[in-house]
Amino acid sequence: MVTTQEPGTTDALEAVEALREALTAAGLVLPSLGADAASPSLNLINLGRVRADVALRLAEAIRRGCA
């Protein structure tokens, strides 16, 4: 299924920057975080690869935020 961005939705670059800021505030870095240039109409974000310890810290930050 192929979807495209609907009018008024968040731009991928804006979303990347917002996520990067939130991750930085949590003391986390995703080195490969960026907009997916191969599919601009889909507005996809590439989270990239990350070490296992960073993934565990990210999971913990999400859990704290959901509590």
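Bear in mind that the values in this text are calculations on the coordinates, not laboratory data. This one's a predicted model, so the numbers in the text were calculated from it and none came from an experiment. Cβ sites come from the backbone with ideal geometry, for glycine too, and all protein chains shown count toward neighbours.
Figures for the structure shown
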quantity: Inter-probe distance in nm under a simple model that places probes 7 Å from Cα toward Cβ, at SER32 and ILE62; calculated: 1.7
quantity: For the chain: Kirkwood Rh in Å [reciprocal of mean 1/r, alpha carbons]; calculated: 13.2
